[in-house]
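The values are calculated or read from the model by the stated rules, or taken from the named source; none is laboratory data. Every value quoted in this text rests on a predicted model; they were computed, and no experiment measured them. Quick reminder, even Gly has a Cβ in these numbers, built from the backbone with ideal geometry, and neighbours come from all protein chains shown.
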Amino acid sequence: MRANSGSGEQDSRTFTENARRAQIVRAAIETIGELGYARTSFAQIAKRAGLSSTGMISYHFQGKDDLMDAVTAAVLSTATGYMLPKIDEAADHHAKLRAFIESNLDFVQEHPAEINALLDIGHHRQATENPSVQSWYQDALSPIANRLREGQRDGAFGEFDPWIMAITLRQAIDGIHFQLAVDPETDVDAYARELVAMFARATSK
C-alpha cells in the first residue's frame, strides 16, 4: 500500500502514477455525486474508473479516508482556480465581495458533482471529528474572514465580527445546494443577486 500524503512523495511520483490518481479521484467525485458518500465503495469507484480491481485504488490510497482527503483537496483546488481570477480582477472590496458570491454560486451550478461530493463528505465525516474535515472547513472560512477584515481596515466595511460574517456567508452560499436538491429549477442567478444585496447591507458602514 503506497503512502501518499507528503509533498515530497507527490514530487517523486511518476506522471503515470499522478494520472492514475487523478483518474481515481475523478471517478470518486462522480460516484459520490451520484450515489452519496454512504453508498460509495471502492468497487463502485473502480468500475466507474474502468479499473480491473479495487487493488489499484489501494495501491494509490491508504484507505477511504485518504481517498476522501484527495477528493476534498481536488474540489477545493478546482473551486479556487475557478473563483480566484474573478475575485482578483474586481476593483475594490465591495466588488470583490460581490465577485466571491457570484463566482461561488456559478461554480455550484457548473460543478454539481464536485459540490455534492464535497458537502456529503463533510457531512458524513464531521461526526467522527476527522481533523481533515475540520481543517478544510477552517481553511475555507479564513480567506473570507481575512478579506472582510481587510475591508474594515481600509474603511470600506462597517463594524461586525469578520469570523461570524464569514460563517454566515459560507452557510448562505452552501444553502443553495440543499435548495437545488429540493427544487432543481431554483433560479440561482436570482439567489446570487439577493445574497449580494443582503451582504452589501450587512457589511455597510
Filtered residues of segment 161-205 (kept if modelled with pLDDT of 95 or more, of a type in the set (S, T, N, Q) and within 16 Å of residue 109 (Cβ to Cβ)): none
Index of the failed condition, residue 156 passing every other in (1) within 13 Å of residue 97 (Cβ to Cβ); (2) in a helix (DSSP H, G or I); (3) in contact with a helix residue (DSSP H, G or I) (Cβ under 8 Å, 6 or more places away or on another chain); (4) of a type in the set (A, V, I, L, M): (2)
Does segment 138-158 contain at least one residue that is touching a Gly at 6+ places or on another chain (Cβ under 6 Å) and either at pLDDT 75 or above or surrounded by fewer than 14 Cβ atoms within 10 Å (Cβ to Cβ) (or both)? yes
Any residue in segment 90-110 that is more than 16 Å from residue 171 (Cα to Cα) sitting within a Cβ distance under 6 Å of a residue that is among the aromatic types (Phe, Trp, Tyr) and in a helix (DSSP H, G or I)? List the pairs, counting only those 6 or more apart or interchain. none
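Residue-by-condition table, conditions (1) among the aromatic types (Phe, Trp, Tyr); (2) touching a helix residue (DSSP H, G or I) at 6+ places or on another chain (Cβ under 9 Å); (3) crowded, with 18+ Cβ neighbours inside 10 Å:
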position: 41; (1), (2), (3): no, yes, no
position: 49; (1), (2), (3): no, yes, yes
position: 55; (1), (2), (3): no, yes, no
position: 58; (1), (2), (3): no, yes, no
position: 68; (1), (2), (3): no, yes, yes
position: 71; (1), (2), (3): no, yes, yes
position: 76; (1), (2), (3): no, yes, no
position: 81; (1), (2), (3): no, no, no
Which of the following residues is of a type in the set (Val, Ile, Thr) and either more than 15 Å from the chain's Cα centre (by Cα) or farther than 27 Å from residue 200 by Cα (or both): 45, 115, 101? 45
For segment 122-137, the count of residues that are in a helix (DSSP H, G or I) and either modelled with pLDDT of 90 or more or polar (S, T, N, Q) (or both) equals 4
Can you report the number of residues in segment 97-115 which are more than 14 Å from residue 181 (Cα to Cα) and surrounded by fewer than 18 Cβ atoms within 10 Å (Cβ to Cβ)? 2
When you look at residue 13, is it surrounded by fewer than 19 Cβ atoms within 10 Å (Cβ to Cβ) and modelled with pLDDT under 90, yes or no? yes
